[in-house]
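A.B. asks: Sharing a structure, written as structure tokens. Questions coming.
The values are calculated or read from the model by the stated rules, or taken from the named source; none is laboratory data. Predicted model only: the values in this text are computed from it and were never measured. Glycine also receives a Cβ, built like all others from the backbone with ideal geometry; neighbour counts cover every protein chain displayed. Ligands, DNA and RNA are excluded from the accessible area calculation, which covers all protein heavy atoms including side chains. Shrake-Rupley method; radii C 1.70, N 1.55, O 1.52, S 1.80 Å.
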Amino acid sequence: MNCNTSRLLIFLILFVGTTLPTLAQKSLSSLNQTLRYSRYSRLSLKIIPIKVNKTTYKLQFQVEKIEENPEFNSFSFTYSMLDSYDEEILSDNTFILTSDDLKYDTERHWVFEKSFEIPESTEISIALFTAIDTRQDDEYFYSTDIKSSFVFDQPNFGAYYANNVGFDQNYLNVGESLLFKSNGGPNLHSFYYPINLEVPYPPMETKPASVPRELQVIDQGNFLELIPKSFDEIGYYFIQSDTSARAGFVLKTAHEAFPKVKDWDEMVDMVTYISTRKEHEDLMAAEDKKKALDTYWIGLTRNADTAKELIREYFRQVEFANILFTDFKEGWKTDKGMIYIVMGPPQEVNFYLDREVWSYGGTNESSRIRFNFARVKNILSPHYYTLNRSRAYQPVWFKNISIWRSGKMAF
């Protein structure tokens, strides 16, 4: 039996055989996508859409290999094109991807590439990429709207690593380069925003967040596709092929150590989520930040070894938040990053057209805590979310902060 036949049998067993009645009841909104944010994921999925013309879209289905030296045959990959978040995911609209479909197989990625015709009259089209770890039946999902009320348009160009694999990170370290390929003209246009955005308010703070009175933007002009472009300043860039269009590509640039912490000053900024206002003001004012931080952590735990472990775990959460949630802000400064750091990875994640919902704890509906992130239409990103804040979050928020401050992980 050859490899492709074997993989087809796995697909038929998983998707058509005994699991068909369950699968027929599944929709995108009902899928629990918690592995997307797990600290122990073996893979990371991404879909990168590029508009070829008015009705043709090229999609790169990318798999980042987090597990060391993974075997392709350990996973089953499929994709679906859906008309809504509530459409049933059936064998009829689910298509298997085999090794014959691979566009690239690199040290870090498996990449599939497919083109789709989507009529101009179509209002909603959603791509879903699924990977099943056949060793333990873990299911990984990634979905993105190709067309919807939250997407202005898709760019007609893409950003790539030097090996022609699509750029799938949420950030770029300053001084690094990307290659751009366009379906339009040879020129692309770059705008640079040298802004440092603020830390979000806690989830129970219902007053509106502060908004910068002025947003500085530097028009960097045109640059040529197919020639590596270096990004040398910290902030974020917005790339367009047509400056009068409503589509573009946002790129957050960060210091060389990102997603890890750079220095003591940054560490002081980041402990704001578990500090009192007075503690944080004292840390900010301290001349010797390292000494002040050592005193702060040992003061919380009363034990140097416990303090070391707490520091390690807290800033590991910060690192994951930066990897997962960076948009035009550092991940730890986003609403999702804040919740992730304090509450830990969500136990259930559900996506809907207009929101994303994280659930924690509880054995029944009445005891579960849910954080609702409202999707906001934004030209910079089709995946921009803000937390629906509520005073009802105060008890669980203070409880988790108290656990952190006692020297334990809050999850």
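A.B. asks: Hey, does segment 18-30 have a residue that's open to solvent by 40 Å² or more (accessible area, probe 1.4 Å) and at pLDDT 95 or above?
C.D. replies: Checking segment 18-30: at least one residue is open to solvent by 40 Å² or more (accessible area, probe 1.4 Å) and at pLDDT 95 or above.
A.B. asks: Please determine whether any residue of segment 226-243 is farther than 23 Å from residue 358 by Cβ, open to solvent by 20 Å² or more (accessible area, probe 1.4 Å), small (Gly, Ala, Ser) and in contact (Cβ under 8 Å) with a residue 12 or more places away in the chain. Show your work before the answer.
C.D. replies: Start the filter on segment 226-243 by keeping residues that are farther than 23 Å from residue 358 by Cβ, which leaves 226-243.
Those still in the list that are open to solvent by 20 Å² or more (accessible area, probe 1.4 Å) too: 226-230, 232-234, 241-243.
If we keep only those that are small (Gly, Ala, Ser) as well, we get 230, 241.
Next, only the ones that are in contact (Cβ under 8 Å) with a residue 12 or more places away in the chain stay: 230, 241.
Within segment 226-243, one or more residues are farther than 23 Å from residue 358 by Cβ, open to solvent by 20 Å² or more (accessible area, probe 1.4 Å), small (Gly, Ala, Ser) and in contact (Cβ under 8 Å) with a residue 12 or more places away in the chain.
A.B. asks: I want to confirm something. Restricting to segment 148-163 and keeping residues that are open to solvent by less than 30 Å² (accessible area, probe 1.4 Å) and within 16 Å of residue 243 (Cβ to Cβ), which single residue is nearest to the chain's Cα centre (by Cα)?
C.D. replies: It comes out as 155.
A.B. asks: Give 301, 326 a once-over and let me know the one that is open to solvent by less than 30 Å² (accessible area, probe 1.4 Å), in contact with a Leu (Cβ under 9 Å, 6 or more places away or on another chain) and of a type in the set (S, T, N, Q).
C.D. replies: Just one listed residue meets the conditions, 301.
A.B. asks: In this structure, is residue 99 surrounded by 15 or more Cβ atoms within 10 Å (Cβ to Cβ) and among the small types (Gly, Ala, Ser)?
C.D. replies: Values: surrounded by 15 or more Cβ atoms within 10 Å (Cβ to Cβ): no; among the small types (Gly, Ala, Ser): yes.
It is false that residue 99 is surrounded by 15 or more Cβ atoms within 10 Å (Cβ to Cβ) and among the small types (Gly, Ala, Ser).
A.B. asks: Against the conditions (1) without any contact (Cβ under 8 Å) to a residue 40 or more places away in the chain; (2) open to solvent by 70 Å² or more (accessible area, probe 1.4 Å), where does residue 221 fall short? Just the number, please.
C.D. replies: Result: residue 221 fails condition (2) only.
A.B. asks: Hey, does segment 146-156 have a residue that's modelled with pLDDT of 95 or more and in contact with a Gly (Cβ under 7 Å, 6 or more places away or on another chain)?
C.D. replies: The answer is yes, given that some residue of segment 146-156 is modelled with pLDDT of 95 or more and in contact with a Gly (Cβ under 7 Å, 6 or more places away or on another chain).
A.B. asks: Let me ask something additional. Conditions: (1) surrounded by fewer than 19 Cβ atoms within 10 Å (Cβ to Cβ); (2) in contact (Cβ under 8 Å) with a residue 60 or more places away in the chain; (3) more than 16 Å from residue 144 (Cβ to Cβ); (4) among the aliphatic types (A, V, I, L, M). Residue 374 meets all but one. Number of the miss?
C.D. replies: Only one criterion is unmet by residue 374, namely (2).
A.B. asks: May I pose another question? Do you know which of the residues in segment 174-194 that are touching a residue at least 60 places away in the same chain (Cβ under 8 Å) and within 16 Å of residue 253 (Cα to Cα) is least open to solvent (accessible area, probe 1.4 Å)?
C.D. replies: 178
A.B. asks: In the set 247, 254, which member is open to solvent by less than 40 Å² (accessible area, probe 1.4 Å) and at pLDDT below 95?
C.D. replies: After ruling out the rest, the residue left standing is 247.
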